[in-house]
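Since the structure comes first, as structure tokens, the remarks are kept for the end.
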Amino acid sequence: MGALAVIIIVILAVIVGLGIRIVPQGYVFVIERLGRYNQTLGPGFHVIIPVFDRVSKKVSLKEQVADFPPQDVITKDNVIMKIDTVVYFKVQDPKLYAYGAERPILALENLTATTLRNLVGELELDQTLTSRDSINARMQGILDEATDPWGIKVGRVELKNIIPPEEIQRSMEKQMKAERDRRETLLEAEGHKQASITRAEGDKQALVLKAEAERDAAIARATGQAESIRLVYEAEARGIEMLKGANIDERVLQIKKLEALEKLGDGRATKIVVPTDLAQAASDLTFKTEMLGFGNNTPVDTTAPKKVADRANDPCCDDGDKSATTKHFAKNHSDFEGV
């Protein structure tokens, strides 16, 4: 009797053990009872009826990534290329995911391939290469709507690689090289243009500065010359004032006059100086001789009548040659020799 009880207890323990289910976080268990859907067990501890209930499917609620192999796609301009896609999806309804499609991941892969072919078939090669974002958005909307009966929520679709044929790749490389060469040429031309403009502006500024410097120098020279002339005239004016203050008599002025005449006659060149008043010049000469102690001390009588030369015998008195008189006078006065 005791052995039977132990056997019964062991059997009950095994049955209870079979009925205990612990669901980890991020997963759910789809439970069937007698072949029909019964419930969905969330994360935690659960007890089911052994034999009658069973776990039909373990579903992950995490976001999953499906990286599908490259697909051959033909563009609108009949270019065959390989495109592989990456789909990010999440199970939204475990019941629909378990019973909506036989193999939902395979169904999603085939749906992605056919959708990609349809979209790329409407575009040319250049549009396909430059419209990735548009293709991704359109595919995401189509796949999300198509997978709703499967309990799948498509969050994002990305075109991972677009591999055109080798001939197209070589043509694209040549095109890109030509475009880079064109940009390089444009940049060099723009740089040369900017450099020329900068040099021209520099030359212009240099000319302006040079002109301003020459103007300032000319102004400075003119100012200096004006100041110099002003100082000379001021000195001469002060000298005249000093002469006026010294009470110089007529004799001193006559001596200064004769000294000035001597300076005019200085030099190797032959000069003829004709005083404005010949009689007054002779008187001044006599006065200077007396002052220096030469000749007799008899003053010259300037009031005596002048002797009229014989016009027939003296050719210097000819009315036709008035300058001869001046030469004759200078010849008869030793103080005017060489003047």
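The values are calculated or read from the model by the stated rules, or taken from the named source; none is laboratory data. Quantities reported herein were computed from a predicted structural model and do not represent experimental measurements. Here Cβ is always computed from backbone atoms with ideal geometry, including for glycine, and neighbour counts include all displayed protein chains. All accessible areas refer to the heavy atoms of the entire protein, side chains included, with ligands and DNA or RNA removed. Shrake-Rupley method; radii C 1.70, N 1.55, O 1.52, S 1.80 Å.
Listed by position, the strands (runs of 3 or more DSSP E) enclosed by segment 30-127 that each have at least 2 residues that are more than 30 Å from Val16 (Cβ to Cβ), out of contact with any Gly (no Cβ under 7 Å at 6 or more places or on another chain) and among the charged types (D, E, K, R) are 80-91. Please tell me if Ile49 is surrounded by 15 or more Cβ atoms within 10 Å (Cβ to Cβ) and either in contact with a helix residue (DSSP H, G or I) (Cβ under 7 Å, 6 or more places away or on another chain) or modelled with pLDDT of 90 or more (or both). Taking the combined requirement at face value, the residue does not satisfy it. Listed by first and then second residue, the pairs linking a residue in segment 120-140 that is open to solvent by 80 Å² or more (accessible area, probe 1.4 Å) to a residue that is assigned to a helix (DSSP H, G or I), with Cβ atoms under 7 Å apart and 6 or more places separating them unless they lie on different chains, are Arg138/Leu119. The sole residue among Leu209, Leu243, Leu278 that is at pLDDT 75 or above and of a type outside the set (Phe, Trp, Tyr) is Leu209. Looking across segment 52-70, the residues that are touching a helix residue (DSSP H, G or I) at 6+ places or on another chain (Cβ under 7 Å) and under 30 Å from Asn161 (Cβ atoms) come down to Ala66, Phe68. Taken together, the residues in segment 50-90 that are aliphatic (A, V, I, L, M) and more than 26 Å from Arg132 (Cα to Cα) amount to 4. Put simply, of Gln205, Gln169 the only residue that is among the polar types (S, T, N, Q), over 30 Å from Lys256 (Cβ atoms) and open to solvent by less than 90 Å² (accessible area, probe 1.4 Å) is Gln169. Specify the residue that is farthest from Lys95 (Cα to Cα); the eligible residues are those in segment 146-165 that are among the aliphatic types (A, V, I, L, M) and open to solvent by less than 50 Å² (accessible area, probe 1.4 Å). Here the answer is Ile162.
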